[in-house]
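Q: Following this message is one structure expressed as structure tokens.
No lab work stands behind these numbers, since they all come straight from the coordinates. All values derive from a computational prediction rather than experimental measurement. Note: ideal-geometry Cβ built from the backbone for every residue, glycine included; neighbour counts use all protein chains shown.
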Amino acid sequence: MQLLGIGSRLNHSEFGKGVVTNVTSKHYWVTFMDSGLETIDVDSSFEIIEAVEDEVDTISFSEVEQSLISILKRWSDASSITPIADKWKGGSLVLKPGDSNLSDKEIPLDTFFHKIVMVRDRIRVMEQKINSSNNLDDQEKVDLQQYITRIYGSLTTFNVLFKNQSDNFVGERTK
């Protein structure tokens, strides 16, 4: 039995056409055009379109995974791991109304902090979209960037919650 190398192209009866992206002693990892990444047995039935022999894995799966994570972080509103300052872990935020007949509202600080981080990350995504927009001229981009800077400035009160200063909101610097 011939073992296919990475880059080999094949046609599988169930998954269609694909390219071998990783090889183990028992499986091919194949990225198929229609169904994405699938693992198939090396001795399963498929048509070889183009065999590549003796190809070593020059890019590991973890390197591909790290590249994908980097791209997703850059272009999505998924938040990165931002730690809360140790002194606030397990704490709570209590909102006390001026009317003593009304009850307080208590919110776990971890929940509140997570929402603040989500706001920050979504503002960052908005900033990236503004800067890469082809529909805005340079002056419009500058004007919108100034609004974003002011938004960050309005949120600096929450910097006390961040464990790392590099995660803080930064508004306009005073001169």
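Q: Once amide H atoms are built 1.01 Å from N in the peptide plane, which residues 5 or more positions from residue 93, or in another chain, come under 5 Å H to H?
A: When sequence neighbours closer than 5 places are left aside, the close amide H contacts are 107, 109.
Q: Which angle from 0 to 90°, rounded to the nearest 10, does the C-alpha axis of helix 61-75 make with the longest principal axis of the chain?
A: Helix 61-75 sits at roughly 40 degrees to that axis.
Q: Here's another thing I want to ask about it. Spelling out what I want: for every residue of region 113-120, take phi, set θ = phi - 60°, compute 6.51 cos²θ - 1.76 cosθ + 1.60 (Karplus), and round to whole Hz; glycine and proline get x.
A: Couplings: 4, 4, 5, 4, 5, 5, 4, 4 Hz.
Q: Now, a different point. Take residue 42, project a point 7 Å from its Cα along the Cβ direction, then tell me which residues of region 1-28 have their backbone nitrogen under 11 Å from it.
A: 1-5, 23-28
Q: Moving on to the next point. So how do 26, 129 line up by other beta-carbon neighbours within 10 Å, fewest first?
A: Result, fewest neighbours first: 26, 129.
Q: Given H placed 1.01 Å from N in the peptide plane, which residues other than close sequence neighbours of residue 82 have an amide H under 5 Å from its amide H?
A: Result for residue 82 returns nothing.
Q: Non-local amide H neighbours of residue 162 (under 5 Å, H modeled in plane, Pro and chain starts lacking H): which ones?
A: Correct list: 85.
Q: Which residue fluctuates the most in the chain, going by a Gaussian network model with Cα springs under 10 Å, if the choices are 82, 149, 39?
A: Highest fluctuation among the options: 39.
Q: Another question, then. Against the longest alpha carbon principal axis of the chain, how many degrees, from 0 to 90 and to the nearest 10, is the axis of helix 138-154 turned?
A: Value to nearest ten degrees: 60.
Q: Separate question: Just to verify a number: FRET efficiency for residue 68 and residue 172, C-beta to C-beta distance, R0 = 30 Å, to 0.05? Write out the running numbers ahead of the final one.
A: Numbers: r = 36 Å, r/R0 = 1.18.
Plugging the Cβ-Cβ distance into 1/(1 + (r/R0)^6) gives 0.25.
Q: Still on this structure, please answer the following. In the chain, how many lysine pairs have Cα atoms under 15 Å apart, counting only pairs 8 or more places apart or on different chains?
A: 6
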